[in-house]
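**Student:** Sharing a structure here in structure tokens format.
The values are calculated or read from the model by the stated rules, or taken from the named source; none is laboratory data. Predicted model only: the values in this text are computed from it and were never measured. Backbone-built Cβ (ideal geometry, glycine too); neighbour counts: all protein chains shown. Heads up: the accessible areas ignore ligands, DNA and RNA and are worked out on the full protein's heavy atoms, side chains in. Shrake-Rupley method; radii C 1.70, N 1.55, O 1.52, S 1.80 Å.
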Amino acid sequence: MAYIQKHKEEGCVFCEAQGMPDGPDNLILYRGQQAFVILNRYPYTSGHLMVVPYTHEASLEGLQPDERAEMMELTTQIMSLLSKEYNAQGFNIGVNIGEAAGAGIIEHVHLHAVPRWTGDTNFMSTLGGTRVLPETLEDTFQRLQKSWRKMYPK
Ligand SMILES: [Zn+2]
């Protein structure tokens, strides 16, 4: 019991998402051993994902080495996923730690993986002359979940 209480916090969006069934409501795309992949509810671009440890800790320093290692593995899988599904040409991968760094959710560390395209100065991106229109979150979720399952079957 103490273990569960230590790792789950009420009022934390990432802890609450873990307690819900996976789908367009909680936006969890994949659950690993130590961390999960979730779609950002307020994306910079379509396909903006986050890697979050199950453990409720404010900083990477509070995690165990295997938790950090899996976060990096999942980040790598996300890059392959977004390259394939969205033809991403680059990525911004980052972690904001602490209020001074502009973290949105300070108490539960999370890694952002944002796909980028050449010339994508705003939400609408140009890909080889074709317009890529913003999708609804639900469409992005369904699309990425299908693709994830195909690329990384259990
Ligand atoms: Zn939390």
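**Student:** For a Förster distance of 22 Å, can you work out the FRET efficiency between the beta-carbons of residue 154 and residue 116, rounded to the nearest 0.05?
**Tutor:** According to the calculation, E is roughly 0.15.
**Student:** A further question follows. Place the peptides 16-23, 110-117 in order of packing, highest mean first, counting for every residue the other Cβ atoms within 10 Å and averaging per peptide.
**Tutor:** With the highest mean Cβ count within 10 Å placed first, the list reads 110-117, 16-23.
**Student:** How many nm separate the modelled label positions at residue 61 and residue 136, each set 7 Å beyond the Cα in the direction of the Cβ?
**Tutor:** Each label point lies 7 Å from its Cα, and together they span 4.4 nm.
**Student:** With θ set to phi - 60°, apply the Karplus curve 6.51 cos²θ - 1.76 cosθ + 1.60 along region 87-97 and write out the HN-Hα couplings as whole Hz, x wherever there is a Gly or Pro.
**Tutor:** Here the 3J(HN,Hα) series is 6, 4, 9, x, 9, 10, 10, x, 10, 9, 10 Hz.
**Student:** Can you show me the helix-derived [θ] at 222 nm for the chain, built from DSSP H runs with n ≥ 4 at -39,500 (n - 2.57) apiece and divided by the number of residues, rounded to the nearest 500.
**Tutor:** The helix-only estimate for the chain comes to -10000 deg cm²/dmol at 222 nm.
**Student:** Enter the accessible area per residue of the chain (Å², integer; probe 1.4 Å; all protein chains in place).
**Tutor:** Per residue, the chain has 56 Å² of solvent-accessible surface.
**Student:** To continue, here is another question. Looking at region 1-96, which trypsin sites (Lys or Arg not before Pro) are DSSP coil and have at most 13 other C-beta atoms within 10 Å of their C-beta?
**Tutor:** Of the trypsin sites (Lys or Arg not before Pro), the ones in loops of region 1-96 whose Cβ has at most 13 other Cβ atoms within 10 Å are 41.
**Student:** Roughly how big is the chain's charge dipole about its Cα centre, with Cβ charges of +1 (Lys, Arg) and -1 (Asp, Glu), in debye to the nearest 20?
**Tutor:** The dipole magnitude comes to about 640 debye.
**Student:** Compute the length gained on full extension between residue 73 and residue 44: take 0.36 nm times their separation in residues and subtract their Cα-Cα distance, giving the result in nm to one decimal.
**Tutor:** Here the answer is 8.2 nm.
**Student:** When the accessible area of the chain is split by element with a 1.4 Å probe, what percent falls to carbon and sulfur?
**Tutor:** 53 percent
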